[in-house]
1. For Val97, state whether it is at pLDDT 95 or above and in contact with a helix residue (DSSP H, G or I) (Cβ under 6 Å, 6 or more places away or on another chain).
2. Enumerate the strands (runs of 3 or more DSSP E) found wholly within the range 41-159, keeping only those where 2 or more residues are among the polar types (S, T, N, Q).
3. Only residues that are touching a strand residue (DSSP E or B) at 6+ places or on another chain (Cβ under 9 Å) and either more than 10 Å from the ligand (Cβ to nearest atom) or part of a strand (DSSP E or B) (or both): list them for the range 178-192, please.
4. Any chance you could count how many residues in the range 61-85 are over 15 Å from Glu29 (Cβ atoms) and in contact (Cβ under 8 Å) with a residue 40 or more places away in the chain?
5. Is it the case that Leu23 is on the phi < 0 side of the Ramachandran plot, surrounded by 18 or more Cβ atoms within 10 Å (Cβ to Cβ) and in contact (Cβ under 8 Å) with a residue 40 or more places away in the chain?
6. Which residues, taken from the range 160-170, are assigned to a loop (DSSP other than H, G, I, E, B) and touching a residue at least 24 places away in the same chain (Cβ under 8 Å)?
7. If I go through the range 26-43 residue by residue, how many of them are surrounded by 15 or more Cβ atoms within 10 Å (Cβ to Cβ) and of a type in the set (Asp, Glu)?
Amino acid sequence: MKRGRRARGCQPIELSKRQETILRIVKDEGPITGEQIAEKLNLTRATLRPDLAILTMSGFLDARPRVGYFYSGKTGNQLLGEHLRKLSVKEYKSVPVVCQEETSVYDAICTMFLEDVGTLFVVREGGILTGVVSRKDLLKSSMGTRDLSSIPVGVIMTRMPNIVSCELDESLLEAASKLIRNQVDALPVVKDAESGDGVEVVGRITKTTITKAFVELGGGEAV
Ligand code: ADP
C-alpha cells in the first residue's frame, strides 16, 4: 500500500562556480545582456545559455527582452520557501488504510502490522470518514484482560467532528503545520462526499510524508 519513490525533478538547485560568477556580475552590473556577460567571461553566448536558463528558472535572475538579465534579489532561503509553499497535498498524499467502526481492536492491530501504518482511518459505506484510531488508542484499550476481539474500534476511536483533516489542494506546508499544531501523526486527506453527507477519505498525510519531502528537497533519495 505504501507509495514508492517518485522523481519530481523539483529539488532546489546547487549553483556551479560559473553560475555563482554570473550571479555576481548581474548583481553588480545588471541589467546586462547575455552577450555582455559572455564577453566578460571570455565565453560564447551559446556556452552560457544553459547556465542563464538555470539561473532564471530557479528564480535567482529575471530576464526582460531587450533589457537583459537582472538580479531578482531573492536569497536561497526565500527561493526555497517559495518552492516549499508550492508543494501540494495532492502531489504527496499516500494511500489511506481504513477500517470500519465494527472492526475489532484485535483486527485493527493486525491491520496496522500488515499495512505497516501507525494510524487507521475509520469509514462507513462510501468511504465516509467517521473516526481515527492511533497506536496509543489501541494500546490503551489493550491494557487489562478484556477480549480484544469483542471490542469494536468505534468505542475507542477519536470521532468526527473532532478529526483534523486536509484537502487535496492544500499545501503540504499547511498540512505539516496541522500535524504539529494538533500533535497528531496523520491527517486524512478528504473531499466532500458526492451524497453531500460527510467527507470521503481519499488519501493520507503523515509525519513520514513530510520527512520524505524534506529529504527530497535536500537532494536525497526518499525511498
Ligand atoms: P499515537 O496515539 O500513536 O501517539 P497520534 O499522536 O496521532 O498517535 O494520536 C493521538 C490521539 O489523537 C489519538 O487518540 C488519536 O485517536 C487522535 N488522532 C490521531 N490523528 C488525529 C487526527 N487527524 N485528528 C484528530 N485526532 C487524531
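1. Numbers: at pLDDT 95 or above: yes; in contact with a helix residue (DSSP H, G or I) (Cβ under 6 Å, 6 or more places away or on another chain): yes.
Against the criterion (at pLDDT 95 or above and in contact with a helix residue (DSSP H, G or I) (Cβ under 6 Å, 6 or more places away or on another chain)), Val97 qualifies.
2. Working: elements: 61-64, 68-71, 119-124, 128-134.
By residue number, 128-134.
3. Residues of the range 178-192 touching a strand residue (DSSP E or B) at 6+ places or on another chain (Cβ under 9 Å): 178-179, 184-192.
Answer for the range 178-192, where residues must be touching a strand residue (DSSP E or B) at 6+ places or on another chain (Cβ under 9 Å) and either more than 10 Å from the ligand (Cβ to nearest atom) or part of a strand (DSSP E or B) (or both): Ala186, Leu187, Pro188, Val189, Val190, Lys191, Asp192.
4. Here the count works out to 6.
5. Working: on the phi < 0 side of the Ramachandran plot: yes; surrounded by 18 or more Cβ atoms within 10 Å (Cβ to Cβ): yes; in contact (Cβ under 8 Å) with a residue 40 or more places away in the chain: yes.
Here the answer is yes, as Leu23 does meet what is asked.
6. Pass one, the range 160-170, residues assigned to a loop (DSSP other than H, G, I, E, B): 160-165, 168-170.
If the condition is that a residue be assigned to a loop (DSSP other than H, G, I, E, B) and touching a residue at least 24 places away in the same chain (Cβ under 8 Å), then Met160, Ile163, Ser165, Leu168, Asp169, Glu170 are the ones that fit.
7. Total meeting the criteria: 1.
Here's the yes/no breakdown for (1) surrounded by fewer than 16 Cβ atoms within 10 Å (Cβ to Cβ); (2) within 29 Å of the chain's Cα centre (by Cα):
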site	(1), (2)
Gly126	yes, yes
Met143	yes, no
Ile156	no, no
Asp169	yes, yes
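The values are calculated or read from the model by the stated rules, or taken from the named source; none is laboratory data. What you see is a predicted model; the values in this text were computed from it and never measured. Counting neighbours? That spans all protein chains shown, and the Cβs are built from the backbone with ideal geometry, glycine included.
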